[in-house]
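Here is the structure we will look at, set down as structure tokens.
The values are calculated or read from the model by the stated rules, or taken from the named source; none is laboratory data. What you see is a predicted model; the values in this text were computed from it and never measured. Cβ placement follows ideal geometry from the backbone for every residue including glycine, while neighbour counts extend to all protein chains displayed.
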Amino acid sequence: MSNIVQRQAQAKIAQQLEASGIAALMARLLSVRGVTDIKQISANLADLLPPHTLTHNTTMAVLLADAIAANKQLLVIGDYDADGATATAVAIKGLRAFGANVAFLVPNRFEYGYGLTPEIVALAALQKPDVIITVDNGIASVEGVAAANALGIQVLVTDHHLPAQTLPEAACIINPNQQGCSFASKNLAGVGVMFYALLALRAEFRARGAYLHSAEPNLTEMLDLVALGTVADLVKLDDNNRILVEQGLRRIRAGACSLGILALLRVAGRQPSACNAQDLGFSVGPRLNAAGRLDDMTLGIQCLLAKTDIEATKIAQQLQDLNLQRRSIETDMQEGASLALDEIDVTGQFAICMHQADWHQGVIGILASRIKERYHRPVIVFADAGDGLLKGSGRSIAGLHLRDALDLLSKQQPDLILKFGGHAMAAGLTIKQLDFALFNQCFEAVVKSLISEADLESVLEVDGSLSPSDMNFASAQMLENQVWGQGFAPPLFYDEFEVINQRILGEKHLKLTLKTIDKPLLIDAIYFNHSTLLVSPIQAAYQLQTNSYNGAQKVQLNLQYVESQI
């Protein structure tokens, strides 16, 4: 059972927003999400935080401009997730637009692990680069940067992950989360940091008079990629990130975007002209991530950089096939996890650590997310990494900063965790296989010391009741066109309904006709991944959605949580 909590009404602010021309329903929803001024949802590029306020960004621009002017060989080292892929694509497209001689290299996660390691530097050195630029990694690559320096290769770090106490000795680091950085948004994704580097680079070339007789690069052409990486990486959608995402979505809807993104939307069965943030997060992102999870993210980057529709479509289909394979592997792993969890009393634990010998290293993060959602506890799932090592991927709940918990554990047991890194809600680590039982015991103790039993209660925040008069296609379309995501939750309403009709679709979903209680209205509803018939009446938390089928435009409720069921 979830504890239903209604977001606190902000009537005065809602009235002010409504007076500014915002629809009453939207004003109410925005007011409880921290929006107090219409400017916060203007999505005007002029309202972006200035590039020079990102610490060391002007220095980064000078170094990049000097390297390009000297025709030095640049090599971008990316990460193997969607943020890393989009950041790499933005770096390649952007730097080439400035005339740079640039290539990219993405580590295979199964061979080289994460970040700019000495092994990756050795591999990169075969291409004889003068400068290495990291995207979405590098802040923890102390040894890798040292190895590059020893070879005479300059390293420029662009990252957004939390730094350790010791920073790498790179020529320049831009990261909104590094100590002393005064940038007003700490929530840029890796792709956002790289985009900001390009904005500063353009300003530097302007100052050098590079565009007195020629057109300057149009960096808005990168915003579709910035939007995809920002949404897929689940960073908080603060005011600045919402501008980036909204502008990127506008380009996608207009078809003025990466051919790869259009192809990925097509194989996912989504219409680019109606693309929203949820499509990026749940349709495009997973297909792009499948490359890094099961194969090599080079394939995903090639899709984003494709220059013809034929090339983009061919690679998108390969990514679609990989994603189907990933789903199959995930299903098998979930079944194994469920059997193991059935044998223990999870309710007596503060954390869950799991390992099975046949689990796939590229899918353990997804499995950790699924288990966390089911049991509402911090979860770390491990897979064999060879040489007697286990690689773990963790997901956390709101009350526990996962990276800080691992940091505390590493101080208590200095030899237990070989390496780790990440965020508040997600982290990765490596331990010795022989130490799994000890890690399980120690992690449980650390988590228990940091959170209370109350933190283990699942809380579902809702926006209260939705008037039947607002349960229409226009309202649903208005809600879908607004950028929602991490830290700016999509609206979730909570009401009582009578169940008029219900039937099971495909042996796993429930299709319903519901009737509102106060002002009787019949409305369609869908309850995904639920195949047990409901007992009427029900209390349901739901999203209002459009549903276009065979040319008919209808509205439906997407049920997320139901009480009073068999």
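Whenever a residue of region 527-539 is without any contact (Cβ under 8 Å) to a residue 24 or more places away in the chain, its partners that are surrounded by fewer than 14 Cβ atoms within 10 Å (Cβ to Cβ), lying with C-beta atoms within less than 7 angstrom and at least six residues away or across chains, give the pairs Asn529/Lys508. Scanning region 23-42 for residues that are surrounded by 17 or more Cβ atoms within 10 Å (Cβ to Cβ), modelled with pLDDT under 95 and either touching a Ser or Thr at 6+ places or on another chain (Cβ under 8 Å) or among the aliphatic types (A, V, I, L, M) (or both) gives a single hit, Ile41. For Ser548, the conditions (1) at pLDDT 90 or above; (2) part of a strand (DSSP E or B); (3) among the hydroxyl-bearing types (Ser, Thr, Tyr) all hold with the exception of (1).
This table checks each residue for (1) basic (Lys, Arg); (2) over 17 Å from Ser564 (Cα atoms); (3) loosely packed, with under 15 Cβ neighbours inside 10 Å.
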site	(1), (2), (3)
Met471	no, yes, no
Ser475	no, yes, no
Glu496	no, no, no
Lys508	yes, yes, yes
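Would a scan of region 531-543 turn up a residue that is at pLDDT 95 or above, closer than 21 Å to Arg270 by Cβ, crowded, with 19+ Cβ neighbours inside 10 Å and out of contact with any Pro (no Cβ under 8 Å at 6 or more places or on another chain)? Checked region 531-543: no residue is at pLDDT 95 or above, closer than 21 Å to Arg270 by Cβ, crowded, with 19+ Cβ neighbours inside 10 Å and out of contact with any Pro (no Cβ under 8 Å at 6 or more places or on another chain).
For the residues His360, His376, the requirement of being on the phi > 0 side of the Ramachandran plot, surrounded by fewer than 22 Cβ atoms within 10 Å (Cβ to Cβ) and in contact (Cβ under 8 Å) with a residue 40 or more places away in the chain singles out His376.
For Leu45, the conditions (1) surrounded by 14 or more Cβ atoms within 10 Å (Cβ to Cβ); (2) under 16 Å from Val245 (Cβ atoms) all hold with the exception of (1). Reported count of residues in region 123-152, each being closer than 22 Å to Phe420 by Cα and more than 24 Å from the chain's Cα centre (by Cα), is 7. Within region 219-271, restricting attention to residues that are part of a loop (DSSP other than H, G, I, E, B), charged (D, E, K, R) and touching a helix residue (DSSP H, G or I) at 6+ places or on another chain (Cβ under 9 Å), which residue is surrounded by the fewest Cβ atoms within 10 Å (Cβ to Cβ)? The extreme case among them is Arg270. Counting only strands (runs of 3 or more DSSP E) wholly contained in region 65-178, the ones carrying 1 or more residues that are small (Gly, Ala, Ser) occupy 101-105. Being hydrophobic (A, V, I, L, M, F, W, C), touching a Phe, Trp or Tyr at 6+ places or on another chain (Cβ under 9 Å), in contact (Cβ under 8 Å) with a residue 24 or more places away in the chain and closer than 30 Å to Ser465 by Cβ, is that true of even one residue in region 45-62? Checked region 45-62: no residue is hydrophobic (A, V, I, L, M, F, W, C), touching a Phe, Trp or Tyr at 6+ places or on another chain (Cβ under 9 Å), in contact (Cβ under 8 Å) with a residue 24 or more places away in the chain and closer than 30 Å to Ser465 by Cβ.
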